[in-house]
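Since every read-out is calculated from the coordinates, none of them should be taken as a lab result. What you are looking at is a predicted structure, and each value in this text was computed from that prediction instead of being measured. Neighbour counts are summed over all protein chains in view; Cβ atoms, including those assigned to glycine, are modelled from backbone coordinates with ideal geometry.
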Amino acid sequence: MSNVDKLKKKAAEFEQKKQFDKALEVYLQIIEQTEGHDDRDVTVYNRVGDLNLRLNKTDQAVNYYEQAVDLYTEGGYLNNAIALCNKILRHAPARHQIYYKLGKISAKKGFNSDAKKNFLEYADRMHRAGRGKRCIQGAGRIRGPLSGSGRHPADARRPARQGR
């Protein structure tokens with residue numbers, strides 16, 4: 001049994017005893033030991049997020065969930081990444097950048113209508129937060145995956161001009 005497997009077993013035992021703070025410490029050791037390795041267990045990041053939620057540390061939980069989203073996306077587990085993005089939005093709806101990530105992931109899967117919806121939600125939230133310039137810059141980066149309509153995603157809410 002590897003050291004990581006031993007640590008996982010130890011963390012699970014702490015969880016069964018409802019010693020969530022100790023379980024969290026052990027899972028963080030696992031992340032530290034496997035950082036930079038190709039064989040990282042993404043579920044550990046999700047678990048750390050869940051334990052942080054149990055300990056009422058929502059910001060920390062969401063940070064680990066976001067890391068898991070990135071790792072799932074890199075590994076090609078796009079459905080898992082989408083599910084985790086939705087989990088983040090349930091607990092931290094003000095994380096505007098999650099809509100952007102959801103848009104990118106949806107576009108990768110070929111779900112262009114979902115991608116557009118998420119990119120528009122991101123742009124709208126950024127605009128309402130007074131960061132409209134940043135959302136326009138972000139919209140420029142997404143033109144490629146969603147260019148089927150011939151219109152820029154940021155223009156989707158504006159009527160098309162005649163003669164275009």
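Summary of computed values
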read-out	value
Sites residue 39 and residue 60, calculated FRET efficiency, Cβ-Cβ separation with R0 25 Å, nearest 0.05	0.55
Karplus-derived 3J(HN,Hα), 6.51/-1.76/1.60, for each residue of the range 67-77, Hz, glycine and proline x	4, 5, 4, 4, 5, 4, 5, 4, x, x, 8
Stretch gain in nm, segment residue 12-residue 131, where the contour uses 0.36 nm per residue and the Cα spacing is subtracted	38.6 nm
Formal net charge of residues neighbouring residue 111 (Cβ-Cβ distance under 12 Å; K, R +1; D, E -1)	+4
Residue-by-residue Karplus 3J(HN,Hα) for the range 20-27, coefficients 6.51, -1.76, 1.60, Hz, glycine and proline x	5, 5, 5, 4, 4, 4, 5, 4
Local electrostatic count at residue 25 - Lys and Arg +1, Asp and Glu -1, tallied over other residues with Cβ under 11 Å	0
